[in-house]
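Asks: I'd like to ask some things about the structure below.
Values in this text are rule-based calculations from the coordinates and carry no lab data. It should be emphasised that the depicted structure is a prediction, and the values quoted were computed from it without experimental measurement. Here Cβ is always computed from backbone atoms with ideal geometry, including for glycine, and neighbour counts include all displayed protein chains.
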Amino acid sequence: MEEEKQDSVEQEKINQTDTTVECLSLWQKIAKARELVGVVKKDGKVSFKQTNYNYQKAEDIELAVRNACEQVGLIIIPKKFNIISDTGSIITTIQEYKIIDIDTGDFETCEMGGMGQDNGDKRIYKAETGCFKYMMKQLFQIPSDNDTDPDIIPTAGYKNPPINKNSNGDVQGSVNWRDYVMKSGAFAGKTLGEMSSTEAGKKHIIFQAGRAGEQQPYCNACKQELGL
C-alpha cells in the first residue's frame, strides 16, 4: 500500500511537470531544454600521427538534445539542404532546420553550415552530420566538461559503487545502481536513483542499458529491479 502511494505521488509530480511545460511558449521551451541538456563530455578521441585531441561526439549531443526535447515538447526537423560547393573530395553545405512546439504548432527556423571530405560517396553525409551537431551545440549552448562548473560532474577521485564479476566477466551479486552517477549527456551528474523517479530518466536508463560501457551493468540492474 505504501509503495502504491509513493508511485501515485511520483506520477502526480510527472503530470504536474507535463502540464507546466505545456504552458510554456516556444522560446521558453527552448530555454528550458538548454537547462536539461546539461554537459556533454568530450568522449570522442582523434589520434593520427602528430594530431591528438578529444571532442564531443555527434551521437552524444544528439542523445542529450533528444531527451531534453522530449521532456519539453519540441521536435527538430531538417528542411532545405543547399550545396554551396562540391569540388574534388570536399563539399560545403547549408542545412535549414525547423524547431517545432508540438503543443501549439509554433515554430522557428535556423540554418547551419557544414563541410564534409571523402573520396567516395560519404562526404555529403559527413557535412549533414556536421550541420546537425553544431546547430544543436549553438541552439542549446552545449558546454563540454572542460568549460563548465566542475561541481556538475564527479571529481576524478569519485568512484562509483563497485561491481563483483566472475572470471567470465559476468556480474555477481547485487548491484548498487541507485548511487551510480551519469557522467555525460542530459543527466550528467545525476544518480540512477534520481533518474528513475521521472519518465524521461527511465527512458534514458533503458537506452543506456543497451549500450556497452561502464554504465551498462548499473542500468541493467536498475531496469531489472524496477521492471522497466
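Asks: Treat each spin label as a single point 7 Å out from the Cα along the C-beta direction, and report the MET115 to ILE90 distance in nm.
Replies: For the pair MET115/ILE90, the computed spacing is 0.5 nm.
Asks: Modelled label-to-label distance, THR104 and LYS42, 7 Å Cα→beta-carbon offset: nm?
Replies: The modelled label-to-label distance comes out at 3.8 nm.
Asks: In the structure displayed, which of LYS32/LYS133; LYS45/LYS137; LYS29/LYS183; LYS98/LYS223; LYS42/LYS79; LYS41/LYS79 lie more than 26 Å apart, Cα to Cα?
Replies: Details: LYS32/LYS133 19 Å; LYS45/LYS137 18 Å; LYS29/LYS183 24 Å; LYS98/LYS223 35 Å; LYS42/LYS79 29 Å; LYS41/LYS79 29 Å.
Too far apart for the 26 Å limit: LYS98/LYS223; LYS42/LYS79; LYS41/LYS79.
Asks: Contour minus end-to-end for SER167 and ARG211, with contour as 0.36 nm per residue of separation and end-to-end as the Cα-Cα distance? Numbers along the way, then the final one.
Replies: Working: separation 44, 0.36 × 44 = 15.84 nm, distance 2.18 nm.
Here the segment from SER167 to ARG211 would lengthen by 13.7 nm.
Asks: Take the alpha-carbon centre of the range 61-103, take the same for the range 162-203, and report the distance between them in whole Å.
Replies: 31
Asks: With a cut-off of 19 Å, note down the residues of the range 189-210 whose backbone N falls inside the zone around a label point 7 Å from the Cα of ASN176 toward its beta carbon.
Replies: 189-196
Asks: Right, something else. Quote to one decimal, in nm, the extra length available between SER197 and PHE81 on full extension: 0.36 nm per residue of separation minus the C-alpha distance between them.
Replies: Extending this stretch completely gives an extra 37.7 nm.
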